[in-house]
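Contents: one structure, followed by commentary.
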Amino acid sequence: MTTKEKETKRSQQQDVEITGSEAVIRSLIAEGAEVIFGYPGGAIMPVYDALYDYRNALRHILTRHEQGAVHAAQGYARVTGKVGVCIATSGPGATNLMTGIADAQIDSTPLVCITGQVTSGLLGTDAFQESDVVGLSMPVTKWNFQITTPEDIPEAIAKAFYIAASGRPGPVLLDITKDAQFGKLKYKYAKCHKIRSYVPEYPVNKEKLAEAATLINEAKKPFLIFGQGIMLGEAERELKGFIDKTGIPAAWTLLGLSALNSDHPLNVGMLGMHGNYGPNIKTNECDLLIAVGMRFDDRVTGTLKTYAKQAKIIHIEIDPAEINKNVKTDVALLGDAKKILRLLTHIVSPNKHKEWVKEFKQAHAIEDKKVIQSDLYPKKPGLTMGEVVRRVSEYTKNKAVIVSDVGQHQMATARYSKFTQPRSHITSGGLGTMGYGLPAAIGAKLGEPNREVVVFAGDGGFQMTIQELGTIAQEKLGVKMVILNNHFLGMVRQWQELFFEKRYSFTEILSPDFVKVADAYGIPGNHVSDRDKLDDAIKVMFETEGPYLLEVNIEKDDNVFPMVPAGASVSDILLSPEDATK
Amino acid sequence: MKKEFIITTYSENHIGLTNRITIILTRRQVNIESLTGSESALPGIHKITIVINEEEEKVKNIVKQIDKIVDVLKAFYHTNEEMIYQEIALYKVLTKSLMESDEIEKLIRSHNARILEITPEYTVIEKTGHKEETQELFQGLNKFGVLQFIRSGRIALTRSPIEKLSEFLKERDELLEKVETRSKLRKAN
Ligand SMILES: Cc1ncc(C[n+]2csc(CCOP(=O)(O)OP(=O)(O)O)c2C)c(N)n1
Ligand SMILES: [Mg+2]
């Protein structure tokens, strides 16, 4: 038996007296956790001490900052579909997690975050490194709970995993006082499968299903839009089955990307602010809008006053609170996307919608001519983000896990990467958290060690969590980092250019030589500025074993288009800066 | 149009739950007119009654957000007309003013209020009713000087004969058995 197997076996013994902190570790193993991310400190030391005896069964990744730990756990959760786990100490350790927890909440990422807390007798006394973590995290967690007695630990962890992963997933936080970690309990583990006050999903309503089918069968110009719910609900195959049978064109939100193969003939592109031209204008021309596993975020809808007013709307969604929150629906189908799409596919009539699909192709041709060609095959000197992203994607045969940070490069990544399998595009959508990319890529690589993992980051965002280069070096993680350096906080600069009279207030940013920084960590890298050297540089990056950093010089005025200006209608999408000044 | 709505929640009696509920309101800039918590007819199940002044559409969304809280069993909203409700008010006046004339006593009688406690110094009067009624009595008494005044949050019951909680719990149990969540499906595999 290997050490790992021995430890796992030991963790499974029931009815033994152990400490609360050992119970934490055993419970994590019982829930199938294999990798956890964290950072030690006073109030969580007993848990770290217990971890020492299980370090082969439960791999711990020491990040360089707790924000790195939580984003890494998010990246891990997003590629694997499992619950991501991170641990931190009380006070500053816990507050450093908050950005990632808020990010996971708005992007429905299943997480269990464990924080140490001062001894229960000291709660509320402003003890050293005490902060009200349950209070702080309340608005940004799906559930949170403070544990003050060791006996409560196994049950609370079981509940935490169940809540994090079921229904609409989300982050859960457990705050464990030091005395609960030190105290003893008779350990027994049972998974949680039911909580009486919590309905993770509702059974499918058959009448509504029939109503939806009628609308679908009668529609002349139906349009399907989908979000991350497809992947969270493991409904990729059902989505494909549904559109293949009905011939309905489908577009994705930023977080829905990779749920449907990029080259599927009915995949018409991205929705929203920097989405594709066709999906945006056709939203206001279709007669039926079928939204699946998405929440009508304002970056997707633009102004609601003119959003799809002409269309009937079907909303397939697991979270009842999302129904009619932003957009009034005609038929709401509450429940699991996988089951609903499967049932719907059975009862709808086959169709082709040839003419209608052609309209999307025509819109694409317009965008291709006005935007895409010059992004991908620019005639002028100076590299564009689009061409770098596309070349990297092609080099990996569109099979890589692509992670992005936040900004212009994020939009270029979403627009120009291609995907052939789900759970392959990882980015911070709802919160738009700069600094997400690098640590999320660490989590993604640990979740998918046999796939290429590439992170595209901006010069600004990369510096927000640049310290995680240390984690990559220590763990020898083969993450490929591509910094699209435009020497600016590009996305903000773009808004200043378009909407603030080119008053570039504090968006010019000085950066270190990123390749030298990587070198200081023992990570190889290279610079590239010329088009004719790009392919070679990409090739060397992938051929180099282990991590690699490629810093690419990008033209600073390489703005992202198309664009639906904030508060505008999706049909008023701009294809070029000239459109904006019109 | 904004009007008064009563939100009722049934929940587990867990630490911090009231906070979780109120931040849903404060985040949406909704002012809480009153909030009361108590046990329900079923032991272990806590009931919170909140009064807000809002548009119905917004109230609907808020109630769904409250309902989504893991420890909340169910949240409802009602208009005032749909519920029987009361508030209780206490008034403290000088016993001297009570003795000086029979005006205060008349007020107490005509408002169906009662005296809770008389000391040589002060007298405490209690009145149960809707806000307008307890307010009206306040105005009357204040002519003689009210030393202290307090009004409770609203408590409210629906017009259906019994609290259908035990039935609700049974139905909930059946519902939870019926939905095959992914974790259940995995367990079965
Ligand atoms: C933590 C955080 N702070 C500020 C912002 C606002 N913001 C959005 S994009 C952006 C610029 C990002 O610059 P860079 O990382 O260089 O990417 P680029 O847009 O140039 O590709 C900023 C500052 C944010 N999204 N997140
Ligand atoms: Mg930049």
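The values are calculated or read from the model by the stated rules, or taken from the named source; none is laboratory data. Quick caveat, the model's predicted, so the values are computed rather than measured. Cβ: placed from backbone, ideal geometry, glycine included. Neighbour counts: every protein chain shown. The area values use the complete protein model at the heavy-atom level, side chains included, leaving out ligands, DNA and RNA. Shrake-Rupley method; radii C 1.70, N 1.55, O 1.52, S 1.80 Å.
Could we say that A:Lys361 is open to solvent by 50 Å² or more (accessible area, probe 1.4 Å) and either in contact (Cβ under 8 Å) with a residue 24 or more places away in the chain or away from ligand 1 (no atom under 16 Å from the Cβ) (or both) here?
Numbers: open to solvent by 50 Å² or more (accessible area, probe 1.4 Å): yes; either in contact (Cβ under 8 Å) with a residue 24 or more places away in the chain or away from ligand 1 (no atom under 16 Å from the Cβ) (or both): yes.
When the stated conditions are applied, A:Lys361 passes them.
Scan the range A:470-513 for residues that are within 15 Å of ligand 2 (Cβ to nearest atom) and assigned to a loop (DSSP other than H, G, I, E, B) and jot them down. Show your work before the answer.
Initial filter on the range A:470-513 (within 15 Å of ligand 2 (Cβ to nearest atom)): A:481-497, A:504, A:506-512.
Result: A:Asn486, A:His487, A:Leu489, A:Tyr504, A:Phe506, A:Thr507, A:Ile509, A:Leu510, A:Ser511, A:Pro512.
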Would you pick out the residues in the range B:91-110 that are surrounded by fewer than 18 Cβ atoms within 10 Å (Cβ to Cβ) and not basic (Lys, Arg)?
B:Leu94, B:Thr95, B:Met99, B:Glu100, B:Ser101, B:Asp102, B:Glu103, B:Glu105, B:Ser110
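A quick yes/no check of all residues on (1) away from ligand 1 (no atom under 12 Å from the Cβ); (2) buried (at least 20 other Cβ atoms within 10 Å of the Cβ):
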| site | (1), (2) |
| --- | --- |
| A:Pro449 | yes, no |
| A:Met464 | no, yes |
| A:Leu469 | yes, yes |
| A:Asp513 | yes, no |
Residue check for A:Glu497: within 16 Å of ligand 1 (Cβ to nearest atom) and more than 24 Å from A:Tyr436 (Cα to Cα)
yes
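So which residues in the range A:117-132 are in contact (Cβ under 8 Å) with a residue 12 or more places away in the chain and out of contact with any Asp or Glu (no Cβ under 8 Å at 6 or more places or on another chain)? First the steps, then the outcome.
We begin by selecting, within the range A:117-132, every residue in contact (Cβ under 8 Å) with a residue 12 or more places away in the chain; these are A:117-121, A:123, A:128-131.
Passing the criteria: A:Phe128, A:Gln129, A:Glu130, A:Ser131.
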Out of the residues in the range A:426-440 that are away from ligand 2 (no atom under 14 Å from the Cβ) and more than 16 Å from A:Leu257 (Cβ to Cβ), which is farthest from the other protein chains (Cβ to nearest Cβ)?
A:Leu438
Extreme residue, nearest to A:Gly478 (Cα to Cα), among residues of the range A:549-560 that are open to solvent by 10 Å² or more (accessible area, probe 1.4 Å) and in contact with a strand residue (DSSP E or B) (Cβ under 9 Å, 6 or more places away or on another chain)
A:Glu551
For the range A:475-487, indicate whether the set of residues that are open to solvent by 10 Å² or more (accessible area, probe 1.4 Å) and within 13 Å of ligand 1 (Cβ to nearest atom) is non-empty.
yes
Residue, farthest from the other protein chains (Cβ to nearest Cβ), within the range A:309-348, restricted to residues that are surrounded by fewer than 24 Cβ atoms within 10 Å (Cβ to Cβ) and small (Gly, Ala, Ser):
A:Ala311
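So that you can scan it fast, the table gives a plain yes or no per residue for (1) in contact (Cβ under 8 Å) with a residue 60 or more places away in the chain; (2) part of a helix (DSSP H, G or I); (3) open to solvent by 20 Å² or more (accessible area, probe 1.4 Å); (4) outside the structural domain of A:Asp107 (by TED's automatic domain parsing):
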position	(1), (2), (3), (4)
A:Glu211	yes, yes, yes, yes
A:Ile230	yes, yes, no, yes
A:Asp244	no, yes, yes, yes
A:Leu289	yes, no, no, yes
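Yes or no, residue by residue, for (1) within 14 Å of chain B (Cβ to nearest Cβ); (2) within 19 Å of the chain's Cα centre (by Cα); (3) open to solvent by less than 20 Å² (accessible area, probe 1.4 Å):
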{"position": "A:Thr99", "(1), (2), (3)": "no, yes, no"}
{"position": "A:Asp126", "(1), (2), (3)": "no, no, no"}
{"position": "A:Gly135", "(1), (2), (3)": "yes, no, no"}
{"position": "A:Asn144", "(1), (2), (3)": "yes, no, yes"}
{"position": "A:Pro154", "(1), (2), (3)": "no, no, yes"}
{"position": "A:Ile163", "(1), (2), (3)": "yes, yes, yes"}
{"position": "A:Gly170", "(1), (2), (3)": "yes, yes, yes"}
{"position": "A:Tyr198", "(1), (2), (3)": "yes, no, yes"}
{"position": "A:Glu201", "(1), (2), (3)": "yes, no, yes"}
Considering only the range B:70-111, state which residues are modelled with pLDDT of 95 or more, away from chain A (no Cβ under 14 Å) and in a loop (DSSP other than H, G, I, E, B).
B:His111
State whether the residues of the range A:377-388 include one that is modelled with pLDDT of 95 or more, more than 16 Å from ligand 2 (Cβ to nearest atom), of a type outside the set (Phe, Trp, Tyr) and closer than 22 Å to A:Leu260 by Cβ.
no
Residue identified as in contact (Cβ under 8 Å) with a residue 24 or more places away in the chain, in contact with a strand residue (DSSP E or B) (Cβ under 6 Å, 6 or more places away or on another chain), more than 9 Å from chain B (Cβ to nearest Cβ) and surrounded by fewer than 17 Cβ atoms within 10 Å (Cβ to Cβ) among A:Lys188, A:Lys184
A:Lys184
Number of the exception - A:Lys418 against (1) touching a Ser or Thr at 6+ places or on another chain (Cβ under 8 Å); (2) part of a helix (DSSP H, G or I); (3) closer than 24 Å to A:Lys282 by Cα
(2)
Answer yes if at least one residue in the range A:429-446 is open to solvent by less than 10 Å² (accessible area, probe 1.4 Å), within 12 Å of ligand 1 (Cβ to nearest atom) and under 19 Å from A:Met563 (Cβ atoms), and no otherwise.
no
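Which ones in the range A:393-410 are of a type outside the set (Gly, Ala, Ser) and either assigned to a loop (DSSP other than H, G, I, E, B) or within 12 Å of ligand 2 (Cβ to nearest atom) (or both)? Give the steps one after another, and end with the answer.
Of the residues in the range A:393-410, the ones of a type outside the set (Gly, Ala, Ser) are A:394-399, A:401-403, A:405-406, A:408-410.
Answer for the range A:393-410, where residues must be of a type outside the set (Gly, Ala, Ser) and either assigned to a loop (DSSP other than H, G, I, E, B) or within 12 Å of ligand 2 (Cβ to nearest atom) (or both): A:Thr396, A:Lys397, A:Asn398, A:Lys399, A:Asp405, A:Val406, A:Gln408, A:His409, A:Gln410.
Would you say B:Arg151 is at pLDDT 95 or above, away from every other protein chain (no Cβ under 14 Å) and within 29 Å of the chain's Cα centre (by Cα)? First the steps, then the outcome.
Numbers: at pLDDT 95 or above: yes; away from every other protein chain (no Cβ under 14 Å): yes; within 29 Å of the chain's Cα centre (by Cα): yes.
Against the criterion (at pLDDT 95 or above, away from every other protein chain (no Cβ under 14 Å) and within 29 Å of the chain's Cα centre (by Cα)), B:Arg151 qualifies.
Please work out if A:Arg423 is more than 16 Å from ligand 1 (Cβ to nearest atom), touching a strand residue (DSSP E or B) at 6+ places or on another chain (Cβ under 6 Å), part of a loop (DSSP other than H, G, I, E, B) and more than 14 Å from chain B (Cβ to nearest Cβ).
No, not satisfied.
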Considering only the range A:515-527, I want to know if a residue exists there that is surrounded by fewer than 18 Cβ atoms within 10 Å (Cβ to Cβ), over 23 Å from A:Val564 (Cα atoms) and within 12 Å of ligand 2 (Cβ to nearest atom).
no
